[in-house]
Amino acid sequence: MKQFILQRLGSGLIVLLGISIFSFALIHLIPGDPIRIMLGENATAEQVNALREQLGLNQPLVTQYFHYLSNVFQGDLGTSFKTGRPVLTEILERFPATVKLAGSGMLIAILIGITMGILAARFKDTLLDFSAMSLATLGVSIPSFWLGILLIMFFTVKLGWFPIAGGTGLMDLVLPAVTLGVLASTVISRLTRAGMVEVLSFDYIRTARAKGLGEVAVLFIHAFRNAMIPVVTIVGLQIASLLGGTVIIERVFDWPGLGSLAISAIASRDFPLVQGIILFIGVIFVLINILVDVLYSVIDPRIEVGQLKEGT
């Protein structure tokens with residue numbers, strides 16, 4: 001297992017290197033001059049050239065990239081053009097808000113998605129199954145910003161139960177977390193149902209029922225554990241995605257997370273901050289993918305490291 005984790009970390013470093021190259025190249029292709037944005041349109045050519053030289057933007061792109069890469073290996077993601085603060089500090093200040101939102105949203109998604117999927121599988125081809133899967137299909141089709149605005153209009157504007165946007169308290173968290181959770185639960189419920197329908201047809205499930213085990217024990221202890229692998233995969237990917245920042249939801253609810261930070265950084269052409277956020281998100285994806293692979297063998301001991309290597 002240790003060897004497998006080290007191999008995955010090695011491949012993860014290669015992925016992160018590719019991400020750094022791609023993000024660096026892409027950012028420098030974005031129209032607009034960050035120096036002009038920082039100094040304003042009335043800045044003189046001498047001021048522009050002086051600041052460009054100070055920030056190292058007058059050097060060839062290859063030189064800039066290797067300078068950036070050497071700093072990254074020393075734990076330095078650079079300094080924000082806009083605020084003059086370390087990029088890592090900017091990211092870590094916003095990350096707790098993103099963790100709070102992502103964690104709350106995924107908790108809601110897991111509770112709704114798994115419960116709906118298990119019930120749909122247990123009552124397959126009934127009205128409950130049809131209704132649950134219809135709602136899941138509808139949820140996949142609904143844009144996140146539309147659902148967020150709808151919740152704001154009803155629960156905030158009409159009923160006045162929650163604040164509109166801008167805070168990080170518990171009441172401010174409810175609507176964005178529900179928006180994320182409801183939308184993320186749709187995929188979880190469909191995968192849970194598909195896995196449970198297959199597992200419930202196995203002989204050991206009929207044997208468990210014949211021995212007099214309660215339906216709850218059969219569904220949640222015996223059946224669901226063997227249907228968890230695809231669910232764990234999608235939950236892991238969704239957690240990584242949410243921790244990377246939910247741009248649309250954060251903009252709709254004015255939530256101060258990584259997503260809104262990335263948007264403001266792109267708008268101001270803050271190259272170091274954008275590169276740092278992208279690299280930070282890449283690290284999250286790599287680590288969570290490794291964790292998901294390790295969880296496979298914990299959930300199902302029959303899955304060995306060799307099978308994990310083949311699967312990856």
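Details
- Note on the chain: lysine pairs with Cα distance below 28 Å, sequence gap of 8 or more or different chains, count 4.
- Remark: segment 21-28, residue by residue, has Karplus-estimated 3J(HN,Hα) of 5, 5, 5, 4, 5, 5, 4, 6 Hz, where x stands for each Gly or Pro and the curve is 6.51 cos²θ - 1.76 cosθ + 1.60 at θ = phi - 60°.
- Per residue accessible area in Å² of segment 132-238, where ligands, DNA and RNA are left out and the probe is 1.4 Å: 52
- Taking a ≥ b ≥ c as the square roots of the eigenvalues of the alpha carbon gyration tensor, segment 172-217 is oblate, as a/c is not under 1.5 and a/b does not beat b/c.
- In order along segment 116-121, the phi-based Karplus estimate (6.51 cos²θ - 1.76 cosθ + 1.60, θ = phi - 60°) of 3J(HN,Hα) comes to 5, x, 5, 5, 5, 6 Hz; Gly and Pro are listed as x.
- Dipole-positive endmost among Asn226, Leu287, Val252 within segment 205-290 (Cβ charges, Cα centre): Asn226
- Between 0 and 90°, nearest 10: helix 228-243 axis offset from the chain longest Cα axis: 30
- Evaluated over segment 151-233, the Cα radius of gyration and Dmax, each in Å: 19.5, 56
- Label separation (Arg52 vs Met153): 4.8 nm, computed from points 7 Å beyond Cα along the C-beta direction.
- Charge dipole of the chain about the Cα centre (unit charges at C-beta), most positive-ward option of Leu261, Ile152, Gly56: Ile152
- Assigned charges on the beta-carbon of Lys, Arg, Asp, Glu; segment 78-222 dipole about Cα centre (debye): 40
- The charge dipole of the chain, taken about its Cα centre with unit charges on the Cβ atoms of Lys, Arg (+1), Asp and Glu (-1) only, comes to about 740 debye.
- Highest to lowest packing among 183-189, 246-252, scored as the average C-beta count within 10 Å: 183-189, 246-252
- On the basis of the beta-carbon distance and an R0 of 30 Å, His67 and Ile5 show a calculated FRET efficiency of 0.45.
- When the solvent-accessible area of segment 121-277 is split by element, carbon and sulfur atoms take up 70 percent of it, the probe being 1.4 Å.
- Other-chain or far-sequence residues with amide H under 5 Å of Thr79's (modelled H): Val87
- Computed over the chain, the P(r) curve from all C-alpha pair distances, binned at 10 Å from the origin, holds 5, 21, 25, 24, 15, 7, 2, 1, 0 percent per bin.
- Spread of Cα-to-Cα distances over 5 Å intervals beginning at zero, given as percent, for segment 44-84: 6, 20, 22, 27, 16, 6, 2, 0
The values are calculated or read from the model by the stated rules, or taken from the named source; none is laboratory data. This structure is a prediction, so every number in the text was calculated from the model and none was measured. All Cβ positions, even for glycine, are placed from backbone atoms using ideal geometry, and neighbour counts span all protein chains on display. Remember, those area values only see protein heavy atoms, side chains included, never the ligands or the DNA or RNA. Shrake-Rupley method; radii C 1.70, N 1.55, O 1.52, S 1.80 Å.
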